[in-house]
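Below you'll find the structure, written out as structure tokens, and then a few comments.
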Amino acid sequence: MRFPGRDAIVATAGESIARGSRSFAAASKLFDPKTRERAWLLYAWCRRCDDIVDGQDHGHGMTRVADPAARLGEVRERTAAALAGEWVGDSAFDALRIVAAETGMPHRFAWDLIDGFALDAEDWRPQSEDDLLRYCYHVAGVVGCMMAVVMGVRPDNEAVLDRACDLGLAFQLANIARDIGEDAEAGRCYLPADWLAEMGLTAADPMADRNALAILGTRLADRAEGYEISARGGAAALSFRSAWAVLAAADIYGGIARKVRARGPQAWDSRTTTSGREKLGAIVKAWGEARRRAPTPRPAGLWTRPR
């Protein structure tokens with residue numbers, strides 16, 4: 001049997017990111033070619049796992065699946081094969097095989113992400129803010145850690161990986177704020193139970209009071225901004241082009257959280273997005289920020305990922 005080569009797998013991964021995330025696709029163009037290819041490879045695996053577990057296509061059309069345990073088992077089996085260096089026959093999992101081998105990525109990061117998919121498969125709900133942040137680590141913060149390794153950060157550089165994790169947390173908090181309505185339609189709610197109780201809302205119907213929900217949307221946006229600020233302070237550890245991409249992505253995703261906050265109760269009338277012009281503006285702005293980047297201490301009081 002003839003297997004596709006690396007170039008073909010990279011090309012398929014590039015198509016995947018173009019379909020699945022226009023924001024990440026735009027930011028990835030700022031990487032040097034080798035880093036860009038590896039970022040695409042990593043994205044393809046993350047996207048494919050998420051699609052299998054949620055029964056969707058490149059992040060679209062999420063539905064309740066009848067066999068979540070079986071789907072999760074499929075993801076675990078294919079991931080294990082990829083990390084063992086085996087040909088999987090699924091381009092996204094073969095993408096993981098390539099990027100893990102080329103970067104020396106710790107395998108525990110892949111398993112931490114799959115643990116996040118398991119939480120969704122179990123219809124898990126956060127009870128507290130700490131629960132929420134732990135979930136955000138498993139589905140996004142650890143992806144930040146993996147991306148840092150793709151960008152050349154040593155896997156044992158815990159301080160820089162913490163900043164990379166912070167960026168993933170910021171992205172996920174922004175996504176949760178944006179998608180409260182869509183998640184509710186799919187029977188999911190990622191708002192902590194104690195936050196909901198404080199506002200007189202329930203996980204079964206978080207949209208019942210838009211004014212109360214807007215307070216929680218603002219809280220999510222504020223939390224996202226705090227982790228975004230921390231991540232920006234870690235960009236000095238990266239090469240210029242990687243820092244440029246990271247800072248552009250931070251502005252693009254940060255813009256989503258800021259728009260949710262600004263829209264208030266109307267934030268879920270339509271999907272909050274950043275326009276092509278705004279993305280271009282973020283890229284131009286990030287170029288100057290990357291040129292001036294300097295290390296700053298990680299702010300005190302932020303949640304820290306598990307070791």
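Of note:
- Residue selected from the stretch 265-284 under the condition assigned to a helix (DSSP H, G or I) and over 22 Å from the mean Cα position of the chain (by Cα), by the criterion surrounded by the most Cβ atoms within 10 Å (Cβ to Cβ): Pro265
- Hey, Pro306 open to solvent by 80 Å² or more (accessible area, probe 1.4 Å) and closer than 30 Å to Asp156 by Cα or not: no
- Contact map, the stretch 69-98: residues that are of a type in the set (Ser, Thr, Tyr) paired with residues that are part of a helix (DSSP H, G or I) and open to solvent by 40 Å² or more (accessible area, probe 1.4 Å), Cβ distance under 6 Å, separation 6+ or inter-chain. Pairs shown: Ser91/Thr12.
- The requirement of being part of a helix (DSSP H, G or I) and open to solvent by less than 20 Å² (accessible area, probe 1.4 Å) is not satisfied by Ala262.
- At least 1 residues being modelled with pLDDT of 95 or more, of a type in the set (A, V, I, L, M) and open to solvent by 30 Å² or more (accessible area, probe 1.4 Å) is the threshold, and among the helices (runs of 4 or more DSSP H) wholly inside the stretch 156-251 those reaching it are 158-178, 193-198, 210-233.
- Residue count for the stretch 78-102 under the criterion of being part of a helix (DSSP H, G or I) and more than 21 Å from Val139 (Cβ to Cβ): the result is 7.
- Of the residues making up the stretch 285-303, those that are open to solvent by 50 Å² or more (accessible area, probe 1.4 Å) and free of Cβ contacts under 8 Å to residues at least 12 places away in the same chain are Arg292, Ala300, Gly301.
- Scope the stretch 8-34; condition open to solvent by 10 Å² or more (accessible area, probe 1.4 Å) and under 16 Å from Met146 (Cα atoms); matching residues: Phe24, Lys34
- Within the stretch 112-135, considering residues that are surrounded by 16 or more Cβ atoms within 10 Å (Cβ to Cβ) and hydrophobic (A, V, I, L, M, F, W, C), the one nearest to Asp51 (Cα to Cα): Phe117
The values are calculated or read from the model by the stated rules, or taken from the named source; none is laboratory data. Keep in mind that this is a model prediction, so the values were computed, not measured. Cβ coordinates were reconstructed from backbone atoms using ideal geometry, including for glycine residues, and neighbour counts include every protein chain displayed. To get the accessible areas, we keep the full protein, side chains included, count just its heavy atoms, and leave off ligands, DNA and RNA. Shrake-Rupley method; radii C 1.70, N 1.55, O 1.52, S 1.80 Å.
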